[in-house]
Amino acid sequence: MSAFSPPWKDIDDTRPGTPYVVDSDGWGWFALFIVIAIPFLAIAGVVVGFSALICAHPIVSLLCYVVLTFVIGGAFYARAAIRHRICGVIATVLTMAPLGMGVALYAIPYVMLEGSFSAIIDWVLVAALLFGMTFFIFAICNLLKNGRTHLVIAIIFLVFACFLITGMISSEADVVNWESIRNLYGF
């Protein structure tokens, strides 16, 4: 009677013509599954709570996000070796805009309207994809040390992200559409 014996072993040992009887081997796999599922359930709870908070206070959330992007831009372009700082701060806001747009226009409405674990995974994947692209652009612009170049890259990224977000909304038109987004945020 082992906790981690192969769960299919008792099926293989059943003689033909005899009834299959479940034994108590393999119960450890179920316990391990429960322990592994706890962090995923915690992440799901945080995502749903965060999404509900954003939906309840969309204007305050937008203002906080814009102020945060200006603070990050000011900190990023505060070094002496960087040229065109004002363009760089504006570029920082434009670089971080797709992350906020993707989460606010697609991921949060999808989680709030669909309400499934798949929607939560989609939220995490969309946010991770856009965060990774944003981080990559900041890494490149950190090497370039030029605000104008960052501004051009940010505009290209913003246009690409707008097409990506519009495509994601169109792909889930039965759940997330512009009307449902407007109703969800109360506009």
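Hey, what's the chain come to in accessible area per residue, 1.4 Å probe, Å²?
In whole numbers, the chain has 61 Å² accessible per residue.
With angles folded into 0 to 90 degrees, how steeply does helix 147-171 sit against the dominant principal axis of the chain? Use alpha carbons for both and round to 10.
Rounded to the nearest ten degrees, it is 40.
For the range 139-187 and the range 80-119, what is the centre-to-centre distance using only Cα atoms, to the nearest Å?
Measuring centre to centre over Cα atoms gives 7 Å.
Between [x] 18.4; [y] 17.1; [z] 19.8, which entry matches Kirkwood radius over Cα pairs in Å as derived from the coordinates of this structure?
Label [z] holds the value from this structure.
Once a ≥ b ≥ c are taken as the square roots of the eigenvalues of the Cα gyration tensor of the range 28-109, is the result rounded (a/c under 1.5), prolate (a/b larger than b/c) or oblate (a/b not larger than b/c)?
Prolate shape, in that a/c is at least 1.5 and a/b is the bigger ratio.
Taking springs between alpha-carbon atoms closer than 10 angstrom, which of Cys64, Cys87, Cys141 fluctuates most in the Gaussian network model of the chain?
Cys64
With axes computed from alpha carbons, what is the tilt in degrees of helix 117-144 against the longest principal axis of the chain, rounded to the nearest 10 within 0 to 90?
Tilt relative to the chain: about 40 degrees.
With a 10 Å cut-off between alpha carbons and a GNM built on the chain, which of Ala44, Ala139, Ala119 moves the most?
Ala139
Ignoring any ligand, DNA or RNA, what whole percent of the accessible area of the chain comes from carbon and sulfur when the probe is 1.4 angstrom?
Ligands and nucleic acids excluded, carbon and sulfur reach 77 percent.
Take the range 93-169, drop everything but the C-alpha atoms, weight them equally and run the Debye formula without solvent; then report log10 I(q)/I(0) at 0.12, 0.19, 0.22 Å⁻¹ to two decimals.
Log10 I(q)/I(0), no solvent term: -0.36, -0.75, -0.92.
How tilted is helix 58-76 with respect to the longest principal axis of the chain? Cα atoms for both, answer in degrees (0 to 90, nearest 10).
Computed tilt is about 70 degrees.
Would you compute, from DSSP H runs of 4+ residues alone, the mean residue ellipticity of the chain at 222 nm, taking -39500 (n - 2.57) per run and dividing by the full residue count, rounded to the nearest 500?
-25000 deg cm²/dmol
Taking springs between alpha-carbon atoms closer than 10 angstrom, which of Pro98, Pro58, Pro109 fluctuates most in the Gaussian network model of the chain?
For the chain, modelled as a Gaussian network with Cα springs under 10 Å, the answer is Pro58.
Dipole magnitude of the chain about its Cα centre, charges +1 at Lys/Arg Cβ and -1 at Asp/Glu Cβ only, in debye to the nearest 20?
Value, rounded to 20: 1400 debye.
The values are calculated or read from the model by the stated rules, or taken from the named source; none is laboratory data. Treat the numbers as computed from the prediction; the structure is a model and nothing was measured. Note: ideal-geometry Cβ built from the backbone for every residue, glycine included; neighbour counts use all protein chains shown. Quick note on the areas: whole protein, heavy atoms, side chains included, nothing else; ligands and nucleic acids left out. Shrake-Rupley method; radii C 1.70, N 1.55, O 1.52, S 1.80 Å.
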